[in-house]
Amino acid sequence: MRARSPAIGNPHTCCRLPQAAHATVGCWALRWLQRFCPVADYVALSRFRRDSSRCGDDCGIVLITTVIILLMLGTLGVALTGLVYNRLLSVSTELDRLQSAYLAEAGLARGLYEIAKSRNVFGGSGIGDIPPTGFGSGYFLVQQDPKSRTLLGVGVSRDVRRVIANKY
């Protein structure tokens, strides 16, 4: 810390500023400036303190404007987060729908293969239902009706169910 030199006619001995500068800025601010900016012109810096007699009705307009802008940016951020979440949810649902359709197709292919195999081997009697068979992250099953010669392939992926019918 600096050695204090007595100032003549100045009750503040923390710096060499006149009394008016101390009333405007304050001793604590000047001490801080002297510590971190030893060559600064403290008389010129003392003019930048806001005087309440000069500001009139515009004293808090910058603060209010800043708060309004931050609220608008926060609302925009929340809205964009909601949009991104909904988009990811719809993409995930569409992926599950597509996967369940492919699972139903795989079930139909397996059912048709087993029907063709049983006709060649057992003379055309139906082989019945194919139980749920896991494939990837879902499963498929096949229901067969030999009377109407219809094969139903059911694919399920994360609670999304797709049914495909095929007449043979």
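What follows draws every value from the coordinates through simple rules; no lab data is involved. What you see is a predicted model, and the numbers here were worked out from it, not measured in a lab. A quick note on method: Cβ atoms are made from the backbone with ideal geometry, for glycine too, and the neighbour counts reach across all protein chains shown.
What the table below lists for this structure:
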{"read-out": "Within-13-Å neighbourhood charge of Asp96 [Cβ basis; K, R +1; D, E -1]", "value": "+2"}
{"read-out": "Dimensionless Rg ratio for segment 63-168, taking C-alpha atoms and the 2.2 N^0.38 Å reference", "value": "1.85"}
{"read-out": "Net charge over other residues, Cβ less than 13 angstrom from the Cβ of Thr133 (K, R count +1; D, E count -1)", "value": "-1"}
